[in-house]
1. What length, rounded to one decimal in nm, is gained on full extension from residue 29 through to residue 201, with 0.36 nm per residue of separation minus their alpha-carbon distance?
2. Suppose R0 equals 45 Å. What FRET efficiency, 1/(1 + (r/R0)^6) with r the Cβ-Cβ distance, do residue 49 and residue 226 give to the nearest 0.05?
3. Assign one of three labels to segment 100-197, namely rounded, prolate or oblate, based on the Cα gyration tensor with a ≥ b ≥ c the square roots of its eigenvalues; rounded applies when a/c is under 1.5, prolate when it is not and a/b is larger than b/c, and oblate otherwise.
4. So, in Å, what gap is there between the alpha-carbon centers of segment 123-143 and segment 176-207?
5. Contour minus end-to-end for residue 212 and residue 144, with contour as 0.36 nm per residue of separation and end-to-end as the Cα-Cα distance?
6. Considering the Cα positions of segment 42-85, please state its Rg to one decimal place and its Dmax as a whole number of Å.
7. Given a Förster distance of 30 angstrom, what is the FRET efficiency for residue 159 paired with residue 92, based on the Cβ-Cβ distance and rounded to 0.05?
8. Sort segment 2-203 into rounded, prolate or oblate with this rule: let a ≥ b ≥ c be the square roots of the eigenvalues of the Cα gyration tensor; rounded if a/c is under 1.5, and if a/c is not under 1.5, prolate when a/b is larger than b/c, oblate otherwise.
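Any read-out appearing in this document is the output of simple, stated calculations on the displayed coordinates, not a laboratory observation. Please read all numbers here as calculations on a predicted model, not as lab measurements. Cβ placement follows ideal geometry from the backbone for every residue including glycine, while neighbour counts extend to all protein chains displayed.
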């Protein structure tokens, strides 16, 4: 019965994967063109306004992940159709909250450029809600340990005045602290300077590295490394070092770690 009940949802999941590929491909192309320098005096595509680019790329990444690995399909396979529909509701809620948060980010950061803006409780709750969504997706993608570290850090941010000993400090006011430091701050928020580096620099290298892996360039680099170190006494050890260095110059993993 469960297999028959899952069959009508299979086309939807397949179309969701196609849509995720389309959104991811368009996002990758836009980021690459935005970061590409000018050649021979030709006009360039970017740089785009970061107040538009950062929330758009953030929302696209959330959308791609939710469509590629829907929580409803994952939990429905384990706990039945009712839990599956509840999981799909969670997926829709995550997308909706992220969409509202990204739109508010664009509106408020644009307003701040022209006038003084005072954050409201609604802004603080939007920032808190999108933080919870990010923690939820972090748990789904990378597991519980990293989520616990991030969750404890967020909890400490608001309750540090109640912590004992050296950990105690004055906690920020909720409205200003949550709205500004969690989401809307151009330097310290989730879409702050680190996000700018990820989108403008690291993202391009990650896409390029994945293209190299998908086309078999990684295997070719390993063969080149073995050829270059074939006469050395270290053998495979030297080949591993050379191949790692070659691939590290083209992959975004090392750059992302830095």
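1. Values: separation 172, 0.36 × 172 = 61.92 nm, distance 1.36 nm.
My answer for the length gained is 60.6 nm.
2. Working: r = 47 Å, r/R0 = 1.05.
Using R0 = 45 Å, I get an efficiency of 0.45.
3. oblate
4. 15
5. On the way: separation 68, 0.36 × 68 = 24.48 nm, distance 3.07 nm.
So the extension gain works out to 21.4 nm.
6. That works out to 17.5, 56 Å for Rg and Dmax.
7. Details: r = 31 Å, r/R0 = 1.03.
It comes out at approximately 0.45.
8. Working: a/c = 2.05, a/b = 1.11, b/c = 1.85.
Oblate, because a/c is 1.5 or more while a/b does not exceed b/c.
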